[in-house]
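Below is one structure; the comments refer to it alone.
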Amino acid sequence: MTTDLRLSTDKIVRPDKDRFLNEDNPFEDMMSRFDRAAELLDLEPGLYKILRHPEKEITLSIPVLMDNGEIEVFTGYRVLHNTSRGPAKGGIRFDPNVNRDEVKALAAWMTWKCAVVNIPFGGSKGGVICDPLKLSVAELERITRRYTAGLIGILGPDSDVPAPDVNTNERVMAWVMDTYSMHMRHTVTSVVTGKPVEMGGSLGRREATGRGCMLVTLAALEHLGMRAAGATVAVQGFGNVGSVAAQLLHTQGCKVVAIGDRSGGILNTNGIDVNDAIAYVKQNRSLDGYSKGDRITNDDLLTLEVDVLVPAALENVITRKNAPKIRARVICEGENGPTTAPADVILDDKGVFVIPDILANAGGVTVSYFEWVQDRGGYFWTEASVNDRLQQIMQDSFRAVLELSRRHKVNMRTAAYMLSISRVATVHRLRGIYA
Ligand code: GLU
């Protein structure tokens, strides 16, 4: 029997309906967007309640023997927000600023992100409070293995599949895979994505998030009647996402005039040689000291007059404080949560076309899905095939969100939430409530 989740005809009563929630709290911020889309969808109160609560929240104490012989205890989290559409999927980040609310928001974003590109996953996220810059490789490995061991029973190809995120990479994923496999007594490649290609990783995964950003940016420019050739671009964040997005946009004829990382920004109105900057960062670990342009601050970078701004570094960089000064025509959110909810309203008023994070950076998890499929099938695709399928999904998803935004006269973010919430809600209605 299917449970009728529409039993009640009541309207959703959401907390503090007309107040913008705390801009600094990513979970509240995410929820305020969710609330708006849920209201427009006329989501029934039962489903509304279900989707406001993560399915599981785990906090771990992670004791680690440090290189100096002392024991340190780190705190780690794993939050599974929703698994109605499939196994939970989401990265693990190692960062001093990790906190429970952030991980909860990021897990929910993964649910919406997977649904917006229509891949059969739910959403999760993990994090460990630590500063990888201050840890040796051996310490990082011990943290990773102990964190993974603490999540045996949660992780698994059919239940929860991690991937890289802030300050984690292929090597960390290899440790996760190995630890999990040791506990299972056999090799399980599909428990994690973003692995080295040699051990079941997918070709094209490392570039996938940046490639996805490039694809939706081109789609946005076309929609706005702007030419990609010569379009000016500023990219904040020059890691895996920002550097690849810059490189691929450059290949498409755009002029990358500014790049930045935690050391600050570089402006060169003649165009930055992106490959040269990438080679510099490879050698020097950051843009610190890179001299082929004028030094600017990250705040200046965000407010440059450019056609496209790609925030690909940190959360909450576009807030109610600097949003009035933004001069970009298009914002492609390479990072999760770079724009706060109050900033959205200001950007809307200014006519900025924002490609929201859950669509803009979904290329990464899309190729994670391809990796999981390849691991499970034991058959691996060419890079061209991966890239073709990614292009198809990103372009189709962009069109679907744009269509909804036109139909409901809402911005791209609200449309993306509406699309993903409706997909998740449909599955909940079909599955009913197990009691
Ligand atoms: N950490 C990435 C994200 O936030 C990738 C997640 C994944 O591939 O599972 O989308």
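Readers should treat all values here as calculations from the given coordinates under stated rules, not as data from a laboratory. Computed from a predicted structure; not experimentally measured. Methodologically, a virtual Cβ is constructed for each residue, glycine included, from the backbone with ideal geometry; neighbour enumeration extends over all protein chains shown.
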Springs between alpha-carbon atoms under 10 Å, Gaussian network over the chain: tell me which of L80, L302, L65 tops the mean-square fluctuations. L65
Take the alpha carbon atoms of the range 218-272, find their center, do the same for the range 51-108, and report the distance between the two centers in whole angstrom. 32
What is the calculated FRET efficiency for Q395 to D349, with r their C-beta to C-beta distance and R₀ = 35 Å, to the nearest 0.05? 0.75
Where does each of H81, H223 land when they are ranked from fewest to most other beta-carbon atoms within 10 angstrom? H223, H81
Computed over all unlike Cα pairs, the Kirkwood hydrodynamic radius of the range 278-435 in Å stands at 18.3
The alpha-carbon center of the range 334-381 and that of the range 284-325 are separated, in whole Å, by 20
Mind checking which lysines have their Cα closer than 25 Å to the Cα of K350? Skip sequence neighbours fewer than 8 apart in that chain. K17, K255, K321, K325, K409
In what sequence, highest mean first, do 182-194, 115-127 appear when ranked by Cβ atoms within 10 angstrom? 115-127, 182-194
Classified through the alpha carbon gyration tensor (a ≥ b ≥ c as square roots of its eigenvalues; rounded if a/c is under 1.5, else prolate when a/b is larger than b/c, else oblate), the range 387-435 comes out oblate
Note down the net charge around L249, summing +1 for each Lys or Arg and -1 for each Asp or Glu among other residues with Cβ under 12 Å from its Cβ. +1
Can you sort I154, I92 so the residue with the fewest Cβ neighbours within 10 Å comes first? I154, I92
Per-residue ellipticity at 222 nm attributable to helices in the chain (runs of n ≥ 4 DSSP H, -39500 (n - 2.57) apiece, nearest 500 deg cm²/dmol) works out to -14000 deg cm²/dmol
Under the rule of at least 5 residues apart or a separate chain, name every residue whose amide H is placed under 5 Å from the amide H of I331. L309, F353, V354, I355
Indicate, rounded to the nearest 5 percent, the antiparallel portion of the DSSP beta bridges found entirely in the chain. 50
Mind checking which of R406, R93, R423 has the largest fluctuation in a GNM of the chain, springs on alpha carbons under 10 Å? R406
Neighbourhood charge, 13 Å Cβ-Cβ cut-off, centred on S190 and excluding it, Lys, Arg +1 and Asp, Glu -1: -1
All other residues with a Cβ under 13 Å from the Cβ of G200 taken together, and with Lys, Arg as +1 and Asp, Glu as -1, what is their net charge? -2
Restricting attention to the alpha-carbon atoms of the range 362-415, what are Rg (one decimal) and Dmax (integer), both in Å? 14.4, 45
Gaussian network model of the chain, springs between alpha carbon atoms under 10 Å - residue of V103, V79, V137 with greatest fluctuation: V137
Quick check on the range 24-179: of the DSSP beta bridges with both residues there, what percent are antiparallel, nearest 5%? 60
Among I355, I326, rank each residue by its count of other Cβ atoms within 10 Å, from fewest to most, as a rough exposure measure. I326, I355
Expressed as a rounded percentage, what relative contact order does the chain have, with Cα pairs under 8 Å and six or more residues apart? 17
Looking only at Cα atoms, what is the convex hull volume of the chain per residue, in Å³? 147
If the cut-off is 26 Å between C-alpha atoms, which lysines fall inside it for K195, apart from same-chain ones fewer than 8 positions away? K56, K89, K104, K113, K125, K134, K282
Percent of beta bridges antiparallel (DSSP, the range 214-365, rounded to nearest 5): 30
Quick shape check on the range 205-284: root eigenvalues a ≥ b ≥ c of the Cα gyration tensor, a/c under 1.5 is rounded, otherwise prolate if a/b tops b/c, else oblate, and it reads oblate
